[in-house]
Amino acid sequence: MKLRLFFTVVGATFLLAAYAHYFSENEMFQFIAAAISVVFLAAWLGKSTESVAHYAGDRIGGFLNATFGNAAELIIAFFLVKEGLFEMVKASITGAIIGNMLLVLGLSVLMGGLKYKEQKFNSRLAGHNASLMMLAIVALFIPAVFIRELPPVKIETLSIVIAVLLILAYVLWLVFSMITHSDFLSDIEEHESAPLWSKGVSILMLAISTIFVAIDSEWLVHSVQHVSKSLGWSELFVGAFVIAIIGNAAEHSAAMLLAMKGRIGAAVEIAIGSSLQIALFVAPTLILLSFVLGKPMNIVFTSFELAAIGVATFITISITKDGATNWFEGVLLLAVYIILGTAFFFV
Amino acid sequence: MKLRLFFTVVGATFLLAAYAHYFSENEMFQFIAAAISVVFLAAWLGKSTESVAHYAGDRIGGFLNATFGNAAELIIAFFLVKEGLFEMVKASITGAIIGNMLLVLGLSVLMGGLKYKEQKFNSRLAGHNASLMMLAIVALFIPAVFIRELPPVKIETLSIVIAVLLILAYVLWLVFSMITHSDFLSDIEEHESAPLWSKGVSILMLAISTIFVAIDSEWLVHSVQHVSKSLGWSELFVGAFVIAIIGNAAEHSAAMLLAMKGRIGAAVEIAIGSSLQIALFVAPTLILLSFVLGKPMNIVFTSFELAAIGVATFITISITKDGATNWFEGVLLLAVYIILGTAFFFV
Amino acid sequence: MKLRLFFTVVGATFLLAAYAHYFSENEMFQFIAAAISVVFLAAWLGKSTESVAHYAGDRIGGFLNATFGNAAELIIAFFLVKEGLFEMVKASITGAIIGNMLLVLGLSVLMGGLKYKEQKFNSRLAGHNASLMMLAIVALFIPAVFIRELPPVKIETLSIVIAVLLILAYVLWLVFSMITHSDFLSDIEEHESAPLWSKGVSILMLAISTIFVAIDSEWLVHSVQHVSKSLGWSELFVGAFVIAIIGNAAEHSAAMLLAMKGRIGAAVEIAIGSSLQIALFVAPTLILLSFVLGKPMNIVFTSFELAAIGVATFITISITKDGATNWFEGVLLLAVYIILGTAFFFV
């Protein structure tokens, strides 16, 4: 009964957003319709993720969620690369990384922490996540240090070498975490709640809801760009914050729902796993694709973007390394996010 | 008996310092008299803190000590802001932060370590302290990165936003550590020694001795400025090291006394708690006050000051994160302090 | 029997390398002969280290290995300082530090990890190593930040002060780790394999094999410089990577052999202990010697070198801090090494 009502609302709001996108010229109406729709779609995606996580365990469920969530981002960024909008691509990569680490994780930890005094997860996983993020930081930081002395052609070669290394490291990480050492990184939490659907239907639901979220996100991104232009916001801020917040709607709803059910391990996996996937897989894939497309994009980020990714990584490592979270740690993550958002807003 | 003799000496040396300050013109005499007096006043303050800590527990005792100690610094800095001496204010904030983390903590760990092979404290508290210091670093680092691109008026708005966020984070930290999670951060140590005074008298003693230390510190700061000018020392060095060392006399004596009695947890709380209070409460309060006074001071520190605060924070986090200290870790903290002191001396 | 055959091969290849060095003019032949010889000499050194470690424990064995290994580097660098080749000296110091932390440790962790699912060692030692590396980073970073504002003569004085402090810290570290707290840092591992030689013969073997490796390394360095010049490689790359890899042959073979026998604690001690010894003892000793020789070399490293040492330190701390290693962590260390190597190759 309840489920039927839910899907009726999901369908109706999606159709309204579709109508606004294709037939209306009022951008504010397009924006509001798409935003309302994304809220319900994200709730559907969250339920699907939770159900998959029930069968697959928090880590693989988190990985599937991160992958489906980032598939949309990869597709959007691919079209931006094709049009040569490199600055926008890098701003949105930066925004997605810090958005996941600070906003998604921050809200999850805070909301979960208001309900549970302390939530624990596998600290070994936190340690490995930290080391992987360090690799990503190194990969983005080194080219920025060396660029002053290098001619463009060498920066491009260096970008390709680093991109290949990062993808290789990410593939080996999947081998490590899913095959050779999957037992090491398993979750501490126990799952008692009954899942909504059977295993097969859950995975199908996850795939379909992700696609709908992706479509709706694109409409939302399209309308928000016009809305923000009329508000006078800079492209850097829109790319790194507005689009990133909307683009991460899937991760937001899934992670927060899980955290509020006491499953902070799965929430951490979604938030940090998604950041890692963007830094170690999405970003280097885009660089390699840009060379294939004949529009080479290098791996050199601006000092603002590096500073933002750097501080986000360090505060996240500091907070997750003990394998336990509480509400105040959520406050700290959100405080850093607001500081970065304000600074980007003023640039 | 002993106590009466002690207070006689405290009173006599204070009267000598007062005489020198108001009636003598010899600055070297003023300096020596104030310095001798501050040693005995600091001893009195140390005993009071210890006594309060006995009743209140190490954490609240440490918090009270840090607050009384920093009240004096806040008052002095307020007058400097009023006169527009922003560089001096920032130098003294920098000096107070690194002085507490490196000199006060270093000496406490070293002196305590010469007596006890290893001293343990609550490592959970160390983890939270580290995350809070990371927030402070982010708050100081981000404006410095973005300043190149921003007009002054935006830097001022950014400074106000960050100042409000830091104060908010500090207030929530007090809520977290004193109310919602006070049991999480409680001390491991047991206290067996009998206190000198009853609970009420102890708190009164703490308040009065702090006021006397504050008055005497001001005399000392006044005379040391003249003495150091005649020695040819730079304002940056005097502000960040000479004044900071004297201004932290209270923290020094209290922390070292506690560490030598095996209560390293209280010593860490005083040293790091005081640093945090300066970075998250005193500094942002001064920024907000400067706008109220119509003499806006931004939050942009020099690269020297940021480098000093950054390295001090990282070495302190590295040493305290395991919740145990030994003499060699005190040596490391002091070595970093001497390196920074030498570098500032030469600028 | 087997041992006699081994020493016959060691002797024969060494004589061939000696013949090539003194009587041949073909640099490629010199290079190949010296390279083959160093492989067997390094194997001899590895066996000697293992045997000494059996009697002395992993830590003292590791310390002896690091010291003998770095003695050669100190001697070579001394002659470079004498000729005023300061850039080459600093490049080779950088290369030795990152080579030990990333390549030696990375290969040891990877090879050991392919055999054992997880290898554990004393995490308290890892914590102290991290704090010491932080001190080294501070000591190299601070002069680079302050150099813009300081005249050369003050940079020289600052260099001497920092050099003396680092040597003092290193000596106190030996006192701490060998005398006052040797039991704290002892190994978890148990040694069951029988040693090859008696205690006295083992130490003798370690000393003699180190000398032979040192001699052969010099021949190799000599020929590799000519070979790499004809290949068009930069001096920075040759100094920081080619020479460093060859110069660390001793550490490589010893650490990898121990890791593959399950003694990762000794391998970590060799790799990180050697880095620490270079940063805290070899580098400052060279600076002090340069002033004695009347050819003052300051402690200011280039931003490339600082970035390389910085990222190497942070990723190594991140990976070793939990006191356990696995194959994927070896992959991460090697990935960072390849990124740095590629960047230096292009400069």
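Looking at A:Lys295, is it over 17 Å from the mean Cα position of the chain (by Cα), more than 14 Å from chain B (Cβ to nearest Cβ) and in contact (Cβ under 8 Å) with a residue 60 or more places away in the chain?
Yes, satisfied.
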Being touching a helix residue (DSSP H, G or I) at 6+ places or on another chain (Cβ under 7 Å) and in a helix (DSSP H, G or I) is the filter; apply it to region C:289-301 and report the residue that is surrounded by the fewest Cβ atoms within 10 Å (Cβ to Cβ).
C:Phe291
With the requirement that a residue be modelled with pLDDT under 90 and within 9 Å of chain A (Cβ to nearest Cβ), what does region C:308-323 give you?
C:Lys321, C:Asp322
Might you check whether a residue that is of a type in the set (Phe, Trp, Tyr), at the interface with chain B (Cβ under 10 Å from one of its Cβ atoms), surrounded by fewer than 23 Cβ atoms within 10 Å (Cβ to Cβ) and in contact with a His (Cβ under 9 Å, 6 or more places away or on another chain) occurs anywhere in region C:152-173?
yes
Out of all the residues in region A:201-208, is one or more over 21 Å from A:Ala77 (Cβ atoms), at pLDDT below 85 and of a type in the set (Gly, Ala, Ser)?
no
With region C:74-193 as the region, which helices (runs of 4 or more DSSP H) entirely inside it contain at least 1 residues that are more than 28 Å from B:Thr313 (Cα to Cα) and either modelled with pLDDT under 90 or under 21 Å from the mean Cα position of the chain (by Cα) (or both)?
C:86-98, C:105-115, C:152-174
From (1) of a type in the set (Val, Ile, Thr); (2) out of contact with any Ser or Thr (no Cβ under 7 Å at 6 or more places or on another chain); (3) surrounded by fewer than 22 Cβ atoms within 10 Å (Cβ to Cβ), pick out the condition that doesn't hold for C:Val347.
(2)
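Return the residues of region C:298-347 that are without any contact (Cβ under 8 Å) to a residue 12 or more places away in the chain and farther than 22 Å from C:Ala267 by Cα; say none if nothing qualifies.
C:Ala307, C:Ile339, C:Thr342, C:Phe346
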Across region C:128-151, the tally of residues that are farther than 12 Å from B:Val347 by Cα and touching a residue at least 40 places away in the same chain (Cβ under 8 Å) stands at 13
Can you confirm whether region B:196-207 contains a residue that is surrounded by 19 or more Cβ atoms within 10 Å (Cβ to Cβ), in contact with a Lys or Arg (Cβ under 7 Å, 6 or more places away or on another chain) and assigned to a loop (DSSP other than H, G, I, E, B)?
no
Being without any contact (Cβ under 8 Å) to a residue 40 or more places away in the chain, within 23 Å of C:Ile203 (Cα to Cα) and either out of contact with any Gly (no Cβ under 6 Å at 6 or more places or on another chain) or buried (at least 22 other Cβ atoms within 10 Å of the Cβ) (or both) narrows it down to one of C:Leu5, C:Leu74, C:Leu64, so name that one.
C:Leu5
Residues (under 19 Å from B:Tyr337 (Cβ atoms) and either among the charged types (D, E, K, R) or touching a Leu at 6+ places or on another chain (Cβ under 8 Å) (or both)) located in region C:155-182:
C:Leu158, C:Ile160, C:Ala163, C:Val164, C:Leu166, C:Ile167, C:Ala169, C:Tyr170, C:Trp173
For the condition touching a residue at least 24 places away in the same chain (Cβ under 8 Å), out of contact with any Ser or Thr (no Cβ under 9 Å at 6 or more places or on another chain) and not hydrophobic (A, V, I, L, M, F, W, C), what is the one hit in B:Gly46, B:Gly57, B:Gly99, B:Gly95?
B:Gly95
From A:Glu305, A:Glu329, grab the single residue that is facing chain B (nearest Cβ under 7 Å) and among the charged types (D, E, K, R).
A:Glu329
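The values are calculated or read from the model by the stated rules, or taken from the named source; none is laboratory data. None of the values given here were measured: they were computed from a predicted structure. No Cβ is skipped: glycine too gets one built from the backbone with ideal geometry, and neighbour counts run over all protein chains shown.
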